[in-house]
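Notes for the one structure printed next.
Quick note: the coordinates plus some simple rules give every number you see, no bench work behind them. This one's a predicted model, so the numbers in the text were calculated from it and none came from an experiment. No Cβ is skipped: glycine too gets one built from the backbone with ideal geometry, and neighbour counts run over all protein chains shown.
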Amino acid sequence: MPARKTTVIGLDIGTTSTIAIAVRVPDEISHMASRPVRLSSPRPGWAEEDPAEWWENTRAVLRETIAALPDGPDSLAGICVTGMLPAVVLLDADGSVLRPSIQQSDGRCGAEVEELRREIDEAAFLKRTGNGVNQQLVAAKLRWIAKHEPDVFARIATVFGSYDYVNWRLTGRRAVEQNWALEAGFTDVATDRIADDLVALAGIPRDAVPDRTVTHEEMGRVSAEAAAATGLPEGLPVFGGAADHIASALAAGIASPGDILLKFGGAGDIVVAADKAKPDARLYLDYHLVPGLYAPNGCMAASGSALNWLAGLIGETDGAERPHVQLDQLAAAVAAGSDGVLCLPYFLGEKTPIHDPLARGTFIGLSLGHGKGHVWRALLEGIAYGFRHHVDVLADMGHAPRRFFASDGGTKSRVWMQIMADVVGAPVQLLDNPYGSSVGAAWVAAMGTGLASDWNGISSLATRGALIEPNPANRTVYDRGYARYQASYEALKPVFAMP
């Protein structure tokens, strides 16, 4: 008797890890597998990854996950892929990858952003596309390639994102998911369609951007070739895909005004839910995974990736613990405010809300009396200040915070989460399952296959963990630190812009 198809897979093509989670609907995570991803920054402000590594990781985590299924691969009903947004992957006419991906956190295209600002009406562009003119736009990145890598630009036949690339490897169909197209700056919000004239700003043919798919709709089926490579059943439905931060928001239950998700991944994301599109140039606008809702959000270019970098420089390990754990222990022994050490965490430039690709990571206030714990804690605090900056902007937009939820890998650091609660001055609710993006993607597949019928049903998979209460004794210290954080950027902004 064939196995009942009760299981779906969520696959996350993350900045620092590739993660697969198998979910037996309605409420059981039956297996999780992950592989690390290498982020390359060959020049200041650059962020690149190798799509071939994503695919090799995909093959590995899927094979491991499928081998662990109690009822085997025949129990699978569908798969959905999520990932960082909007990475830029380029294929030639033969389907070969032309260069490493340009990641969403990449800040190389400042000159091209200014070029676009001179050419178009920024206010009209913001109203039409929901997003401002900034380094997130795919048009700006492609203009950089046209200037600096003309041989590559001339061979572009397909432009799409990280999870679009993996979907293509799984199904053979080239398509772009709706939020990739939206944050790329190619979608007219009023029509919910990719507009020819917006694509033309990138200088590429219209057919280089594939058809747009909707997250929860089937975009294809696993091909025979992909089945042999991954262990997935041939013909398994593959759903449209999902931006990782929006998938995490779904997993956290962010669907009501006032609820805010703080996502601690390779980048730092902050997401709210809204029933209307309210474009604001300081932040990004995405579609929520729940049809009919929007998800205003911000993204700090470097969060976990900055910690990984610093841990590689100053961390030590005896093989029993990651250097992050030991550095957290050192940071816990340092007083709030890091004894005057302040960090601007702009190691890849910065995206929202300042949109400054020229900004750089900076430590201020160091003396010979400071140690590793001070530097590590200052970076943890600097990222927390960045989140607080976003909270201020959201409140200014009319999205005043009511509750804070935290997800993804960074929530495993209790030191960091206490700093976060102290900096925003409010309780932070941790989620037991830190892999929110994968869980959200799995639920998209559950809804798409009909195994689930309620978007809110995902709450059974994202149970709440500890509630981190703020320490009132640290409030004054962090209010002053936040003021120094803002003043330091404004003072250094002209310096960052110097040639």
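Using the alpha carbons of the stretch 7-246, what is the convex hull volume per residue in cubic angstrom, as a whole number?
Taking the convex hull of the Cα positions in the stretch 7-246, it is 115 Å³ per residue.
When you count, for each residue, the other Cβ atoms within 10 Å and take the mean per peptide, how do 360-373, 159-172 rank with the highest first?
Ranking, from highest mean packing down: 159-172, 360-373.
Under a crude label model (7 Å from the Cα following the beta-carbon direction), how far is Ala52 from Ala491 in nanometres?
About 4.7 nm, to one decimal.
In what sequence do Ile66, Ile419 fall when counting other Cβ within 10 Å, fewest first?
Ile66, Ile419
Per residue, what volume in Å³ does the Cα convex hull of the stretch 287-407 take up?
Convex hull volume per residue, Cα atoms: 149 Å³.
I'd like the distance between the alpha-carbon centres of the stretch 209-275 and the stretch 283-345, rounded to an integer number of Å.
The two parts, judged by their Cα centres, are 23 Å apart.
Using the Kirkwood radius over C-alpha pairs as Rh, can you work out the diffusion coefficient of the stretch 1-131 via Stokes-Einstein at 4 °C, viscosity 1.567 mPa s, in µm² per second?
74
Suppose every K and R has +1 on its Cβ and every D and E has -1 on its Cβ; what is the size of the dipole of the stretch 7-246 about the Cα centre, in Debye to the nearest 20?
Approximately 340 debye in magnitude.
Let me know the charge dipole size of the chain about its Cα centre in debye, to the nearest 20, where only the beta-carbon of Lys, Arg (+1) and Asp, Glu (-1) is charged.
In total the dipole reaches around 600 debye.
Lys and Arg at +1, Asp and Glu at -1: add these up for the other residues within a Cβ distance under 10 Å of Leu91 and post the number.
0
May I ask for the distance between the Cα centers of the stretch 359-386 and the stretch 1-65, given as a whole number of Å?
Comparing the Cα centres of the stretch 359-386 and the stretch 1-65, I get a distance of 32 Å.
Could you pull out which residues in the stretch 99-135 have an amide N less than 18 Å from a spot 7 Å beyond the Cα of Arg155, following the Cα-Cβ vector?
99-102
Just the Kirkwood number for the chain, please: inverse of mean 1/r across all distinct Cα pairs, in Å, one decimal.
Taking every pair of different Cα atoms in the chain, averaging 1/r and inverting gives 22.7 Å.
For the chain, give me the percentage of DSSP beta bridges that are antiparallel, rounded to the nearest 5 percent.
Here the antiparallel bridges make up roughly 70 percent for the chain.
From the helices alone, meaning DSSP H stretches of at least four residues, give me the mean residue ellipticity at 222 nm for the chain, per-run term -39500 (n - 2.57), in deg cm²/dmol to the nearest 500.
Taking each H run of at least 4 residues, the total per residue is -11000 deg cm²/dmol.
Within the chain, how many lysine pairs that are 8 or more places apart, or on different chains, have C-alpha atoms less than 18 Å apart?
Close lysine pairs found across the chain: 6.
So if I place +1 on the C-beta of Lys and Arg and -1 on the C-beta of Asp and Glu, and nothing else carries charge, what would the dipole magnitude of the stretch 115-154 be about its Cα centre? I want it in debye, nearest 20.
With Lys and Arg at +1 and Asp and Glu at -1, about 140 debye.
How much length is gained on full extension from Asp121 to Lys147, taking 0.36 nm per residue of separation minus their Cα-Cα distance?
Full-extension gain reported as 7.1 nm.
Less than 9 Å Cβ to Cβ from Pro427, Lys/Arg counted +1 and Asp/Glu -1: what total charge do the surrounding residues give?
0
Which whole number in µm²/s is D for the stretch 404-469 by Stokes-Einstein, with the Kirkwood Rh taken over Cα pairs at 25 °C and 0.890 mPa s?
This corresponds to a translational diffusion coefficient of 192 µm²/s.
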